[in-house]
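Student: Below are the structure tokens for one structure; questions will follow.
The values are calculated or read from the model by the stated rules, or taken from the named source; none is laboratory data. Note that the structure is a prediction, hence the values are computed from the model and not measured. All Cβ positions, glycine included, derive from the backbone under ideal geometry; neighbour counts span all protein chains shown.
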Amino acid sequence: MKFENTEVWGFKHALRGMRNPFESWSKSDSLIESEYEYQLEIGKNDMELAQKLIKAGEPHRKFLRQIFVSVDITASLYWWKEFDTYKVGTVANSTSTMHKLASTPITIDCFEMDDFVDGNCINLNYKKDSAETTMEVWNSLIKTLEILRNKYNETKDKRYWKELIRLLPESWLQRRTITMNYENIFNMVKQRKEHKLTEWSKSFIDWTKTLPYADEFFFNK
């Protein structure tokens, strides 16, 4: 799983709008020069108000919805299925299996194998003449997928392509360019930080900690 090309913007207008209800703009003490380069310094007054609103609950922390994040995420299809739970406030453009699946060789690197090691693969204890380890299953599956991919490229017969799609494991890596906001991320951190998928509980959480003021906004208790 990879996170690339992260951009964050919107702090300036979000913090300004945060003070609209009580017209307390004169108390703002943040220095924001270039949001795209993370050159910002939230002042003590603004931080105290921001954290107060965050702790007050979702109706009060509306300013988080106005801080935006764009990032390229490469993750497995099984992770993307869970990410798609968060439809409101997120936008995605993905690479296409329909257009590009058959264009390059299929290897083990095309799949999410973050905690899988050849020498530490699972012994299946199947009966004689069957695959005995998950690595053997992977090797057989990849060989089959490559046969189908090559047959499709040779013949352009869509039956090979359809079978390739049907057999494609959910660990297939797909890249999407995601735009979301700090409120989306706040909820993902809250709901997924203890998830049994390390893609959530480690990879995603580790990435969120690289965002500006992540500790103060997402992890502050």
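Student: Against the condition at pLDDT below 95, over 17 Å from VAL69 (Cα atoms) and not acidic (Asp, Glu), how does LYS221 come out, does it pass?
Tutor: So LYS221 passes the test.
Student: Now for a different question. Looking only at the stretch 179-221, count how many residues are in a loop (DSSP other than H, G, I, E, B) and buried (at least 20 other Cβ atoms within 10 Å of the Cβ).
Tutor: Taking the stretch 179-221 and keeping what is in a loop (DSSP other than H, G, I, E, B), we get 193-197, 209-213, 218-221.
After this cut, where a residue has to be buried (at least 20 other Cβ atoms within 10 Å of the Cβ) as well, the list is 218.
Matching residues across the stretch 179-221 total 1.
Student: For the structure I just gave you, tell me whether ALA102 is in contact with a Phe, Trp or Tyr (Cβ under 8 Å, 6 or more places away or on another chain) and over 30 Å from THR155 (Cα atoms).
Tutor: So ALA102 fails the test.
Student: Wholly within the stretch 1-116, which helices (runs of 4 or more DSSP H) include no fewer than the required count, namely at least 2 residues that are loosely packed, with under 11 Cβ neighbours inside 10 Å and at pLDDT below 95?
Tutor: On the way: elements: 11-18, 44-56, 77-83, 97-100.
Filter on the stretch 1-116 gives 97-100.
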